[in-house]
Amino acid sequence: DGGITQSPKYLFRKEGQNVTLSCEQNLNHDAMYWYRQDPGQGLRLIYYSQIVNDFQKGDIAEGYSVSREKKESFPLTVTSAQKNPTAFYLCASSPWTSASYNEQFFGPGTRLTVL
Amino acid sequence: GQNIDQPTEMTATEGAIVQINCTYQTSGFNGLFWYQQHAGEAPTFLSYNVLDGLEEKGRFSSFLSRSKGYSYLLLKELQMKDSASYLCAVTPKGSNYQLIWGAGTKLIIKP
């Protein structure tokens with residue numbers, strides 16, 4: 001079955017620690033994204049990547065870092081510089097297209113709680 | 001600036017019809033998506049509109065007016081499982097990958 005996996009579902013960390021959230025897809029999609037979702041707010045883009053070894057900052061990249069060494073994988077590191085890291089993190093992917101239709105497919109999400 | 005507005009919360013009765021509105025102001029426009037998101041889960045695709053008019057898909061329909069910057073999602077014969085948040089997202093012109101997201105409308109279905 002093709003899809004996007006994120007692990008773990010729930011993650012707890014102490015304040016001041018870096019933590020890495022995994023995202024893997026076997027849909028052969030070129031583009032991948034990381035979003036943050038807080039209660040009562042829409043999805044906010046952290047980083048996105050169109051191709052391997054290339055990624056761009058989104059609207060709220062401060063305190064986060066990513067890598068894209070493989071097409072299938074786009075891990076997100078939440079660093080200690082992120083002031084308020086507790087949130088629901090969603091990874092998504094989409095096929096790269098020159099058309100306007102760019103449906104994004106989402107993983108199940110990781111709920112990060114920093115204590 | 002870019003802005004998408006949706007009502008925060010709506011309540012409807014099982015078996016009834018509900019319309020969830022979305023208005024947008026973006027730098028150009030290519031298309032509009034509706035996603036459904038159950039609490040604590042991933043958003044899932046419902047519909048995509050690029051031309052004016054109504055797109056019907058089973059119990060769900062989506063309407064778009066490009067000139068008014070307006071869309072709505074119409075849900076018929078509501079079921080308890082339709083209790084979820086409904087997210088409106090717009091593809092700005094010139095962007096092949098980014099979506100601008102609304103905050104979502106939480107729909108509560110009562111028996």
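The values are calculated or read from the model by the stated rules, or taken from the named source; none is laboratory data. All of these numbers come straight from a predicted model, not from anything done at the bench. Quick reminder, even Gly has a Cβ in these numbers, built from the backbone with ideal geometry, and neighbours come from all protein chains shown. For the accessible areas, the whole protein counts, side chains as well, though only heavy atoms, and no ligand, DNA or RNA atoms are used. Shrake-Rupley method; radii C 1.70, N 1.55, O 1.52, S 1.80 Å.
Summary of values
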read-out: Failed condition for A:Q25, given (1) under 11 Å from the mean Cα position of the chain (by Cα); (2) under 17 Å from B:P43 (Cα atoms); (3) among the polar types (S, T, N, Q); value: (1)
read-out: Subset of the stretch A:10-45 [assigned to a strand (DSSP E or B), within 12 Å of chain B (Cβ to nearest Cβ) and either touching a helix residue (DSSP H, G or I) at 6+ places or on another chain (Cβ under 9 Å) or open to solvent by less than 60 Å² (accessible area, probe 1.4 Å) (or both)]; value: A:C23, A:A31, A:M32, A:Y33, A:Y35, A:R36, A:Q37, A:L43, A:L45
read-out: Near pairs, Cβ below 8 angstrom, 6+ apart or cross-chain, from the stretch B:44-65 (in a strand (DSSP E or B)) to any residue that is loosely packed, with under 13 Cβ neighbours inside 10 Å and of a type in the set (G, A, S); value: B:F63/B:G53; B:L64/B:G53
read-out: Any hit, the stretch B:10-20, residues being more than 11 Å from chain A (Cβ to nearest Cβ), open to solvent by 20 Å² or more (accessible area, probe 1.4 Å) and of a type in the set (G, A, S); value: yes
read-out: Entirely in the stretch A:50-90, the strands (runs of 3 or more DSSP E) that have 1 or more residues that are away from chain B (no Cβ under 14 Å) and under 12 Å from the mean Cα position of the chain (by Cα); value: A:64-66, A:76-78
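Results for (1) farther than 16 Å from B:W101 by Cβ; (2) touching a Lys or Arg at 6+ places or on another chain (Cβ under 9 Å), shown as yes or no for each residue.
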site: B:T26; (1), (2): no, yes
site: B:P43; (1), (2): no, no
site: B:E55; (1), (2): yes, no
site: B:R59; (1), (2): yes, yes
site: B:L64; (1), (2): yes, no
